[in-house]
Number of protein chains: 2
Amino acid sequence: MSRPTYAERVARAGLSRVGEPDDSALRAVVATVGVVDAWEMVRASDDALPARLRARTGGRAAGADPGADLERLHALGGRLVCPGDDEWPASLDDLDAIGAAPLAMWVRGAGRLDALDRSVAVVGSRAFTAYGAHMADAIAGGLADRGWATVSGGAVGVDGAAHRAALVSGVSTVAVLACGVDVIYPPSHRDLLTSVAAAGLLVSEWPLGCSPMRHRFLIRNRLLAALSRGTVVVEAAVRSGALSTARWAQRLGRHTMAVPGPVTSAMSGGCNQLLRETDAVLVTDAAEVLELVGDLGADLAPRPQGAVAMRDALGDEARRVVEATPVRRYVTPDRIAQTAALPAVRVTSLLNQLCAQGLVEVSDEGFRLAAALRRAR
Amino acid sequence: MSRPTYAERVARAGLSRVGEPDDSALRAVVATVGVVDAWEMVRASDDALPARLRARTGGRAAGADPGADLERLHALGGRLVCPGDDEWPASLDDLDAIGAAPLAMWVRGAGRLDALDRSVAVVGSRAFTAYGAHMADAIAGGLADRGWATVSGGAVGVDGAAHRAALVSGVSTVAVLACGVDVIYPPSHRDLLTSVAAAGLLVSEWPLGCSPMRHRFLIRNRLLAALSRGTVVVEAAVRSGALSTARWAQRLGRHTMAVPGPVTSAMSGGCNQLLRETDAVLVTDAAEVLELVGDLGADLAPRPQGAVAMRDALGDEARRVVEATPVRRYVTPDRIAQTAALPAVRVTSLLNQLCAQGLVEVSDEGFRLAAALRRAR
């Protein structure tokens, strides 16, 4: 596809102003006559257009000034990325194949839209638990540590935690919005979205000033799925919009993953359902995500352990737990709590962390020191 | 197969005294000459036996008195169930097909071994968490409510909780032991094992008096898998023996299921690994277990709700939470905690319970009343 002309660019900006991305009548007109003529017809309220489409787009078309929109976008440091542009990502062509490609992407930020080849969508509910916050941080942070970008929806909850973890690691992160890239939504994310723009990208298929309407989130979700190599649902209730992103990922042949959670937490119900009823793969950390979406060889290297160095860097309580944990025999957390003279709940939590760090081992009968520490003791 | 003669019964009792069930040399002799002659050869330390087998079984054979063993078993109210007996369950023939059938089953209790057609193995780690205890109770109890028996290993932890839940519901439960059915192991389960014998069955392939040795648990696990229609791993660390039961279930073509748990809990690591790496199906309650192992029609009926009646039966705090939960709009647990003037942690826990009972609904944005209560309010 050749580089778009200015007229095409204006037409795509104009069409994205007058119709929603899932307007199939508008899509049909574009497919038949091309974007430039389609925009002319809509602007002129051409009789050849279906009456309903004319009625639907007439009001918006009268007030539309895509040339001015583009100038405002440039003034904000943004740009309109269209099919044919160098920055147009090949991944969006998969949406073209199912008749769901965006007309254009309104983009703002330091990153590039075509640099998302090594990216994963990390999504979840807005109302999340401490567990969801922890897992979003662990997975997006772990991906960032390995140079992978996180794509998410900019919402509060899991999305926000995922963006933040990527930002902390200094890796690009992309917020795909259901409103204009100049609209701060949710309002509490003013600083976060500013940081995302500075280090990565704010992306939308809606023009400047558009509000985040309910149905737009669902349409937007297909872009989260399409732009990344795979989607991880971190924590989601059974009615979460994050599940629609997962369904789009499955439809697009992208890897679909979910973090399991306790059955007793309704906030993990959607993740567990996804794992139960679909081909989604259960993942527990970033390494497992990359085992699926990563490049063979480059991303599958085992992580260095350094257990002894890690032990020496432990906090006070954790060190007491390590000292109270036997070398050979597995014992229960209660026994370790007794020896360490710490509350059992706290000891269980620390043992789980130590286990994740590879410092203790767990079996049927409880915990003992990991091999590396057994040798060191 | 015809009913076994007394000589055959004695031979099977004798052979199970002198060799472990995974002794392939002994198995080969039995397959070649039959149980009666095999027992005669072992007892006489026949030169035709492989030298190693003779060395292995000689000492035990000298002290063996299977006739007296059977008398002691009968005196305890037990019986030896052999292939050809009415009580021999057809399910064990699947082990025969892979050369792993038991010689005989030492059985003690009020139940019948051939009445396990509607049973599920519910297994897990000995060191378990409150979550594992809750889920074992919920699943074994839910199965019992629907008339399904629970098969488990009689151990502390998940096994014990599963047996107890079945006993409370007055449904048969079967403990498949790695020691003689007269041996109380673990010692803390004296009362539990007595109750299991009274309401169900204690089962073993080892004769009276045999100790629970480490390798016996792994051999035993194939019987747990074979005797039931499917195996559910409730909570298990990555090195748990419960995973070997799951692998046997898969090898035998039985349904294999696991309850997911938080990634942050090492005690759920084995369950999550099973779900990630094998065909095991994620289950969250007894209804989902029966959806897999149950009979079409008989076991798939939707459960009655009765939400309004359930609301009226709630405790004080739960009622306050219900009253603080909005009818239409979803709100966060924090908001509900504020309105109800209860601690947020407690409210989250109650909301999850209410959700499981179908009294509140959960979405991306939080919780609201379920439809049945919305109409009732």
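The values are calculated or read from the model by the stated rules, or taken from the named source; none is laboratory data. The shown structure was predicted, so the numbers you read here are calculated from the model rather than taken from an experiment. Because the Cβ atoms are built from the backbone with ideal geometry, glycine has one as well, and the counts that use them run over all protein chains shown.
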Inset, instruction - Output the residues belonging to region A:210-249 that are β-branched (Val, Ile, Thr) and either crowded, with 21+ Cβ neighbours inside 10 Å or more than 23 Å from B:Arg368 (Cα to Cα) (or both). - result: A:Ile219, A:Thr231, A:Val232, A:Val233, A:Val234, A:Thr245
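Just give me the residues in region B:1-20 being within 19 Å of B:Trp106 (Cα to Cα) and either surrounded by fewer than 19 Cβ atoms within 10 Å (Cβ to Cβ) or among the hydroxyl-bearing types (Ser, Thr, Tyr) (or both), in sequence order.
If the condition is that a residue be within 19 Å of B:Trp106 (Cα to Cα) and either surrounded by fewer than 19 Cβ atoms within 10 Å (Cβ to Cβ) or among the hydroxyl-bearing types (Ser, Thr, Tyr) (or both), then B:Arg3, B:Thr5, B:Tyr6, B:Ala7, B:Ser16, B:Glu20 are the ones that fit.
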Inset, instruction - Report whether or not B:Gly160 is within 10 Å of B:Ala286 (Cβ to Cβ), part of a helix (DSSP H, G or I) and in the same structural domain as B:Pro260 (by TED's automatic domain parsing). - result: no
Legend entry - A:Ala149, sole failed condition from (1) out of contact with any Ser or Thr (no Cβ under 6 Å at 6 or more places or on another chain); (2) away from every other protein chain (no Cβ under 14 Å): (1)
Legend entry - Check on B:Arg251, within 13 Å of chain A (Cβ to nearest Cβ) and on the phi < 0 side of the Ramachandran plot: no
Legend entry - Top-ranked residue in region B:161-179 [being surrounded by fewer than 24 Cβ atoms within 10 Å (Cβ to Cβ) and of a type outside the set (Val, Ile, Thr); ranked as farthest from the other protein chains (Cβ to nearest Cβ)]: B:Gly170
Legend entry - In region A:328-377, residue surrounded by the fewest Cβ atoms within 10 Å (Cβ to Cβ) [restricted to those that are among the charged types (D, E, K, R) and either within 13 Å of chain B (Cβ to nearest Cβ) or within 18 Å of B:Val238 (Cβ to Cβ) (or both)]: A:Arg329
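Rundown of residues vs (1) buried (at least 20 other Cβ atoms within 10 Å of the Cβ); (2) more than 10 Å from B:Glu235 (Cβ to Cβ); (3) among the hydrophobic types (A, V, I, L, M, F, W, C), yes/no style:
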residue	(1), (2), (3)
B:Val122	yes, yes, yes
B:Gly132	yes, no, no
B:Ile139	yes, yes, yes
B:Gly142	no, yes, no
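Quick check on this structure: which one of A:Leu49, A:Leu26 is in contact with a helix residue (DSSP H, G or I) (Cβ under 7 Å, 6 or more places away or on another chain), surrounded by 15 or more Cβ atoms within 10 Å (Cβ to Cβ) and more than 19 Å from A:Ala100 (Cα to Cα)?
None of the others qualify; the one that does is A:Leu49.
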Legend entry - Number of the exception - B:Pro207 against (1) within 14 Å of chain A (Cβ to nearest Cβ); (2) surrounded by 20 or more Cβ atoms within 10 Å (Cβ to Cβ): (1)
Legend entry - Residues located in region A:58-76, provided they are loosely packed, with under 12 Cβ neighbours inside 10 Å and at pLDDT 95 or above: A:Ala68, A:Glu71, A:His74, A:Ala75
Inset, instruction - Tell me, please, whether a residue that is among the polar types (S, T, N, Q), farther than 23 Å from B:Pro102 by Cα and in a helix (DSSP H, G or I) can be found in region B:163-185. - result: no
Inset, instruction - Quick one: B:Asn272 ticks every box in (1) closer than 19 Å to B:His163 by Cβ; (2) modelled with pLDDT of 95 or more; (3) polar (S, T, N, Q) except a single one, so which number is it? - result: (1)
Inset, instruction - Just give me the residues in region A:235-248 being within 12 Å of the chain's Cα centre (by Cα) and within 9 Å of chain B (Cβ to nearest Cβ), in sequence order. - result: A:Ala242
Legend entry - Among the residues listed as A:Arg52, A:Arg56, A:Arg108, A:Arg79, the single one being in contact with a Gly (Cβ under 6 Å, 6 or more places away or on another chain) and under 24 Å from A:Ile219 (Cα atoms): A:Arg108
